[in-house]
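Here is the structure we will look at.
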Amino acid sequence: MRGWWWLWTCCPGLGNARMADLRRLCRDQAIGPNQLWGWPIERLGQALAWPAHCLRHVERYRREHGTSPTLDVPACALLPGDPAWPTCLDQMHLPPSGLYVEGDRSLLRHINARTAIAVVGTRSASDHGLAMAEQLGRSLAEAGWPVLSGLAEGVDAAAHRGCLARNGAPIAVLGTPLDRVYPAHHRSLQQQVGRQGLLISPSRSGCRVRPGHFAARNRWLVAFAQALVVVECPQRSGALISARWASRMQCPVWVVPGDARRWSCRGSNALLRDGATALIHPEDLLASIGEGPLRSEESRGKHQRLMEAIGSGATFDQLVLRLQCTPAELAPQLLALECRRELLCESGLHWRKPRP
């Protein structure tokens, strides 16, 4: 059925709302999108109550593709029902009819689990705002948190640059298709994020870019985030749209206080007045959210490798050789496991697992 849903998704005039109508109709009628393809246009119109011009688009599109259409789905497409589809989107009003992704798909599990931190703000940020955004990106990456943003000019780009500088996992939710870079001078940055992290767009390649796509992007950012950080924004800003969505979704909002005299800080400072949590330093946020999922995965991996290296017992020097690590890296790991009584240290720095 995946190919048929993709075919419907590409039909002119069928946006997220009308694709939601189609899915609802298939569910109510207990039929698949392939069967719906063969319905007479009159029956389709009666069931969906779409305007006449939309039904004309559908009829023309079906004639162009015929009764046995090609159902090739691009490799970058992610559709509802796919194993990697973020099911958190299904709880939202008018979820996207598809996502288009490039990069490390393993990061999709953090999107689905909402274990990423969104950092947003104005395109015209102050030097202080840019420095704070970059520092946040670095600190979150070091703590093992994927960093979400929109790859826009200003705060978004600074947060992703900071994350990249610490070999973190940047996730960019774009307001444009994957094959279009906006702003154009972010081409290199977008390529870096695609190589090291993940690019996500709700628009397929070739689609026209409309202002509403950027507003929707702000909504998806919050849907994917465990917390939202607004670094700096004026009174009319996409970051404020994100903050409003965050309050509806019970997503905590943190705000970096800004210069009360600067126009680009008036919106973010107003969020503080309305009850958002002040973020003076990245450590304020990290003290609240703790270790990120990537660090936890890394720790579990190190623990597993160490226990496998010990086997039935091993000396300290043997472990250094087996794990190809330095004594300074190994010693604290062994001490921590000894304190948790997962390992015993015997004479001659010989380590073994406790007997059952």
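The values are calculated or read from the model by the stated rules, or taken from the named source; none is laboratory data. All values reported here derive from a predicted model rather than from experimental measurement. With ideal geometry, Cβ positions are generated from the backbone for all residues, glycine too; neighbour counts draw on all protein chains shown. Remember, those area values only see protein heavy atoms, side chains included, never the ligands or the DNA or RNA. Shrake-Rupley method; radii C 1.70, N 1.55, O 1.52, S 1.80 Å.
Given a 1.4 Å probe and every protein chain left where it sits, what share in percent of the accessible area of the chain is carbon and sulfur?
Carbon and sulfur: 50 percent of the exposed surface of the chain.
For helix 327-339, what angle does its Cα long axis make with the longest principal axis of the chain, in degrees from 0 to 90 and rounded to 10?
Taking the Cα atoms of the chain, the angle to 327-339 is about 90 degrees.
With +1 on each Lys and Arg Cβ and -1 on each Asp and Glu Cβ, how big is the dipole of the chain about its Cα centre, in debye rounded to the nearest 20?
Here the chain has a charge dipole of around 920 debye.
Over 13 Å apart: what share of the alpha carbon pairs of region 43-82 falls there, rounded to a whole percent?
Summing the P(r) tail past 13 Å for region 43-82 gives 67 percent.
Which net charge results for the neighbourhood of Arg161, defined as the other residues with beta-carbon distances under 13 angstrom from its beta-carbon, given Lys and Arg at +1 and Asp and Glu at -1?
-1
As I understand it, the dipole of region 247-331 uses +1 on the Cβ of Lys and Arg and -1 on the Cβ of Asp and Glu, about the Cα centre. Which of Ser247, Cys325, Ser264 lies farthest toward its positive end?
Ser264
Have a look at the DSSP beta bridges in region 226-356 and tell me what percent are antiparallel, nearest 5. Before the final figure, lay out the partial values.
Values: 5 of 10 bridges.
Rounded to the nearest five, the antiparallel share is 50 percent.
Please arrange Met19, Met92 by accessible surface area, largest first, computed with a 1.4 Å probe and ligands excluded.
Details: Met19 0, Met92 30 Å².
Accessible-area ranking of Met19, Met92, largest first: Met92, Met19.
Report the local net charge at Leu55: Lys and Arg +1, Asp and Glu -1, summed over other residues whose C-beta lies under 14 Å from its C-beta. Could you put the intermediate results ahead of the total?
Numbers: positive: Arg18, Arg43, Arg56, Arg60, Arg62, Arg63; negative: Asp21, Glu42, Glu59.
Neighbourhood net charge equals +3.
Just want the answer: with Cβ charges of +1 for Lys and Arg and -1 for Asp and Glu, which residue in Leu349, Gly292, Ala309 is farthest toward the dipole's positive end in region 291-353?
Positive-most Cα among the choices belongs to Ala309.
Quick check on the chain: helices-only [θ] at 222 nm, where DSSP H runs of length 4 and up contribute -39,500 (n - 2.57) each and the sum goes over total residues. Nearest 500, please.
Counting only the DSSP helices, I get -14500 deg cm²/dmol.
Which net charge results when you count Lys and Arg as +1 and Asp and Glu as -1 among the other residues whose beta-carbon is under 11 Å from that of Val231?
Details: positive: none; negative: Glu134, Asp156, Glu232.
That sum, taken over residues with Cβ under 11 Å, equals -3.
What percent antiparallel are the DSSP beta bridges of the chain, to the nearest 5?
Antiparallel: roughly 40 percent of the beta bridges in the chain.
Find the centroid of the Cα atoms in region 114-140 and in region 211-264, then give the distance between the two in whole Å.
Rounded to whole Å, the Cα centres lie 12 Å apart.
Expressed as an acute angle from 0 to 90° and rounded to the nearest 10, what is the orientation of the C-alpha long axis of helix 16-29 relative to the principal long axis of the chain?
80
Could you order peptides 2-15, 245-258 by the average number of other Cβ atoms within 10 Å of their residues, highest first?
245-258, 2-15
How much accessible area per residue does region 265-349 have, counting only protein heavy atoms and a probe of 1.4 Å, in square angstrom?
That works out to 61 Å² per residue.
Any idea what the alpha-carbon Rg over 2.2 N^0.38 Å comes to for the chain?
For the chain, the normalised Cα radius of gyration is 1.21.
Using the Cα gyration tensor of region 108-215, with a ≥ b ≥ c the square roots of its eigenvalues, what is the shape: rounded (a/c below 1.5), prolate (a/b larger than b/c) or oblate (neither)?
Here region 108-215 falls in the oblate category.
Given springs between every Cα pair under 10 Å in a Gaussian network model of the chain, which of Glu342, Glu297, Glu283 has the largest fluctuation?
Ranking Glu342, Glu297, Glu283 by mean-square fluctuation puts Glu342 first.
Expressed as a whole number of Å, what is the distance separating the alpha-carbon centroids of region 59-109 and region 1-54?
15
Of the peptides 71-81, 199-209, 97-107, how do they stack up when ordered by the mean number of other Cβ atoms within 10 Å, highest first?
The packing order, highest mean first, is 97-107, 199-209, 71-81.
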